[in-house]
Amino acid sequence: MRATARAQPNIALIKYWGKRDTRRNLPAVGSISITLADLFTETSVELDDDLLHDCLVVNDRDDPGMMPRISKCLDEVLGSDRPRARVDSRCNFPIAAGLASSASAFAAVVVAGAAAAGQPHNADEMARLAGRASGSAARSLFGGYVELTSDDDDISVASICSVEEWPLSVVVAITESGAKTIGSSEAMEISRNTSPFYDRWVGAQAEDLKTARDAISARDFEKLAAVAEHNCLKMHSVMWASRPPVVYWNSATLNCLQAIRELQSRGVAVFFTIDAGPQVKAICLPEEEVVVRSALAGTSGVSNILVSGLGAGAELVKQR
Ligand code: 2P0
């Protein structure tokens, strides 16, 4: 009745921002992401009939704040009459700082929870269940380049290109390691209700998805770079125009963008993306990783650098 799963976070190149249905947590738009290899969450779920309530430990500390979402997620996987669970999670990168820690956390808990109950692993179904807890988590069930499609009924998720077919590197510039000021679920609703650009954002997404899909299948780095940067800046424009404004950037975020523009002007194959946090993710060809890392490490306000290749979807590590 105990199982351990490992999941890697993913970085969206074509972003999810806004929900069509908050009750079922259905995204208003599709998205395309890359799953990372070297950052991970490893989670054990132990089901125990004698336990009176669920408990959650994250990085060796009780985490009652996150507990209700984890409990709800396990209810989705196992039904609410399930045995209570001891959940022990370990994460090798900063949590809740815009590095997609909820994506790897929920992907891992869904896989471990199902395995602890002896359920078969079906990635499509696991992705749907993880997506109810956190939209981006659905994408971490798959490796490489992943597309999430959303309609009025549900989501579907699939890998559209493998890591081996197009290996890229991701250099993350950490500009602030604390938790973000406003969670993405709440911020998305503020944008949906108040941003004058929200409807345009949703309306233009199909075209960005197609451009990115075409760029990935042609391994066209420049085309992918252009559409990913455009999509990212559009999403942040929607946020900035919300009331109250949703601004995740700090001055170092902008310094990093400038450093990446400078690299691009020298012909370095790199582009940026930024999520619901102030960190900057630089995506580059593997042979450019050293120069990108060094440029961002020397940028004012950058406190740490994480580097990762692309990796696999969530996997079961242990079951007993
Ligand atoms: C993404 N983000 O596509 C976008 C880009 C942040 C900016 O998905 O409300 O934690 O739990 O479904 O998945 C972060 O939002 O949101 C996110 P919920 P989630 O990666």
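The values are calculated or read from the model by the stated rules, or taken from the named source; none is laboratory data. Worth saying up front: this structure is predicted, and the values here are computed from it rather than measured. When we count neighbours, we look across all protein chains shown, and the Cβ atoms used for this are built from the backbone with ideal geometry, even at glycine. All accessible areas refer to the heavy atoms of the entire protein, side chains included, with ligands and DNA or RNA removed. Shrake-Rupley method; radii C 1.70, N 1.55, O 1.52, S 1.80 Å.
Which of the strands (runs of 3 or more DSSP E) found entirely inside region 18-62 contain at least 1 residues meeting this: basic (Lys, Arg) and within 16 Å of the ligand (Cβ to nearest atom)? Before the answer, list the steps.
Numbers: elements: 19-21, 31-35, 41-48, 55-58.
Filter on region 18-62 gives 19-21.
Given the conditions (1) at pLDDT 95 or above; (2) under 27 Å from Gly277 (Cα atoms); (3) within 15 Å of the ligand (Cβ to nearest atom), report the number of the one that Glu76 does not fulfil.
(2)
Condition (residue is within 16 Å of the ligand (Cβ to nearest atom), modelled with pLDDT of 95 or more and closer than 17 Å to Gly313 by Cβ) applied to region 161-179: is it met by at least one residue?
yes
Go over the candidates Ala173, Ala116 one by one and state the one that is buried (at least 24 other Cβ atoms within 10 Å of the Cβ), more than 14 Å from Ser31 (Cβ to Cβ) and assigned by TED's automatic domain parsing to the domain that holds Arg84.
Details: Ala173 fails: assigned by TED's automatic domain parsing to the domain that holds Arg84.
Result of the check over Ala173, Ala116: Ala116.
So the check is Cβ under 9 Å with 6+ separation or different chains; which pairs have a first residue in region 50-72 that's without any contact (Cβ under 8 Å) to a residue 40 or more places away in the chain and of a type in the set (S, T, N, Q) and a second one that's part of a loop (DSSP other than H, G, I, E, B) and open to solvent by 60 Å² or more (accessible area, probe 1.4 Å)?
The qualifying pairs are Asn59/Ile95; Ser71/His53.
If a residue has to be of a type in the set (A, V, I, L, M) and open to solvent by less than 10 Å² (accessible area, probe 1.4 Å) to count, how many in region 250-273 make the cut?
4
Looking at region 69-82, is at least one residue crowded, with 17+ Cβ neighbours inside 10 Å, out of contact with any Ser or Thr (no Cβ under 9 Å at 6 or more places or on another chain) and assigned to a strand (DSSP E or B)?
Within region 69-82 (the criterion being crowded, with 17+ Cβ neighbours inside 10 Å, out of contact with any Ser or Thr (no Cβ under 9 Å at 6 or more places or on another chain) and assigned to a strand (DSSP E or B)), the answer is no, since none of the residues qualifies.
Being open to solvent by 10 Å² or more (accessible area, probe 1.4 Å), touching a helix residue (DSSP H, G or I) at 6+ places or on another chain (Cβ under 6 Å), in the same structural domain as Asp88 (by TED's automatic domain parsing) and within 24 Å of Ala215 (Cβ to Cβ), is that true of even one residue in region 17-29?
yes
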